[in-house]
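The values are calculated or read from the model by the stated rules, or taken from the named source; none is laboratory data. Predicted model only: the values in this text are computed from it and were never measured. Glycine gets a Cβ as well: all are built from the backbone with ideal geometry, and neighbour counts include every protein chain shown. Only protein heavy atoms, including side chains, enter the accessible area calculation; ligands, DNA and RNA are left aside. Shrake-Rupley method; radii C 1.70, N 1.55, O 1.52, S 1.80 Å.
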Amino acid sequence: MRNNRIVCLLLFALLGIAGMKGAQECFKTDSLLVILDKIVAGQEHIEEAKQREVTAARARLRQARDDSARFVALGEMFVQYSKYRLDSALIFARQRVEVANRLGIRDSVVAAELNMVDGLKGLGRFYEGLDLLQSLSHEEYVRDNDYYYYLLHSITLLLYEDEGDSRLDEYYEKQLRSYRDTILKINPEGTLGYVINLGEIYISEGRAGDAVDVLAEFRKDNPAAVERNAMYWSVLANAYEELGNFEAQKYCLAMGAIIDKRNCIKTYTTLQELALLLNEEGDTERAYRYISCAMQDVMAGNVRSRLVQVSQYMPVILDAYSRAQQNIRITRIVFDVVVASLIAVLVVIMVKLRRRNRKLQEIRHKLDNKNQELAALNDNLKTANSRLGESNKIKEVYIAQLFKICTEYIDEMEAFRVLLSRKLKTGQVAEIKSVVSQPMTADAMKDFLKKFDMIFLELFPNFIEDFNRLMKPGYEIVPKEKDGLNTELRIYALVRLGINDSTKIAGLLHYSSQTVYNYRQKVRSRAVLPKDKFVEAVQNL
């Protein structure tokens, strides 16, 4: 209960109740409806709290030791059920009458019988309630009893709303005015009951603006007095309805519905009236939720006096809700068809794009292969150009050296001829025989190889170091002469120059083919590379 009070106070603070008057009030209805939505959706928690209160009241009734205590406890049970379960409320009212008769206190009997009238009213047994009220009318206790006139007013109002005979309507209208005037006299001026009845009188007289002013002024000065009174907001809603201010009416009905729902009251009218107003504004989904909730509460509380009213609202709202749902279904079908069409178009586009991408990938793959082939060709071309340049350089160097060697050889031959000619002229035949008989090949070959080594090392100064990198550790080949080559290096120097045939190498170096072959096998066995890779590696040094 305390939590409900705090929530209500927060609602009033949030909605800015202070300083709001008449048509100038600012109504934040949307925020109220959001709060009401949450209450309607989570009303089982409110029911649980109500059940705990009822259980506590039942425990106090069981603990009552005498009729006086039992009378009080039954009154509490009636209050708990009077706006919650009306058939149960009537049962407790009758039990209270029995206890009051045993006590023999007339005022207590009348108070219990007024509870019975209240229960009969809620169950729609209006005439039984009126008969009982009339039987109590001569009692002194009821002359200034606000509860008595409230019951008269409520039953008469319900009969007036249900009546179709214009003559009876006029009679009930006069009775209502009489009861309101009486209640106005009984309630002290400035109280909540006084202001509510004054507002109803103003509305009945066509002075809805005055009713709004009176009620708004009272709320400004006494906010706590209306924080849990749904009747106040219902009357204020009626006043705004008369003025045609439907936004303000909706706001007041929402406030009253929140108070009724939070207090687990089943006899309310605010929620169903709010549902009808929202339905007229086109908020059919919310209206349907509210009227369904109202119907459930009326059935659960057995509030027969409100059943007819809710039953009248229900078909109207249900029809509008059904139409709205049908429109939603049609819209959804159209949306689904459009989405399906778009998806189909998208699938077709994706299939075409996928095919095109596949073709592009194939073309790209072919281009990559071509690029790789071109790159390989380019590398080969660079290598070929490099080797061609190297070959040209070798040719230039060796041709130049060849001419030099030939020139030197011619010079030597000419000098030898002159020497022989002189000796012949002087008759030195014996000396000529001695010179001619001496072999010249060994010295000439030695000189040739020395020149070959010198020319080759000028062309490839790092050949020995590079060649030894191809050999296993410990098997490096180091020539005896610093600026020359040995036989193994000289053989592979010719391989580096492009002469790979062992027979040709043997002819150039004046060795037998077998000798060259043996040297090559010996070197290859000490290499770090396989035999089939070794020659290629030497040619690339």
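Kindly flag which residue pairs out of K433/K480; K425/K446; K174/K250 have an alpha-carbon separation exceeding 31 Å in this structure. Display every interim value, and only then the final one.
On the way: K433/K480 37 Å; K425/K446 33 Å; K174/K250 29 Å.
With Cα atoms farther than 31 Å apart: K433/K480; K425/K446.
Roughly to the nearest percent, how much of the accessible area of the stretch 55-136 is carbon and sulfur, given a 1.4 Å probe? Display every interim value, and only then the final one.
Numbers: 1870 of 3770 Å².
Whole-percent figure for carbon plus sulfur exposure: 50.
Could you tell me what percent of the accessible area of the stretch 465-531 is made up of carbon and sulfur, with a 1.4 Å probe and every protein chain present? The partial results should precede the final answer.
Working: 1910 of 3880 Å².
Ligands and nucleic acids excluded, carbon and sulfur reach 49 percent.
Which of the three applies to the stretch 50-95, rounded, prolate or oblate, going by the alpha-carbon gyration tensor with a ≥ b ≥ c and a/c under 1.5 meaning rounded?
Details: a/c = 2.66, a/b = 1.31, b/c = 2.03.
The shape class here is oblate.
Quick one: what are the phi-derived ³J(HN,Hα) couplings along the stretch 258-275, Karplus 6.51/-1.76/1.60 with θ = phi - 60°, whole Hz, x for glycine and proline?
Couplings: 4, 5, 4, 5, 5, 9, 6, 8, 9, 9, 6, 10, 5, 5, 5, 5, 5, 4 Hz.
Can you give me the long-range amide H partners of M471? Hydrogens built in the peptide plane at 1.01 Å from N, cutoff under 5 Å, separation of 5 or more residues or another chain.
The list, which skips near neighbours in sequence, is V528.
With the crude spin-label approximation of a point 7 Å out along Cα→Cβ, what separation in nm comes out for K370 versus R417?
6.6
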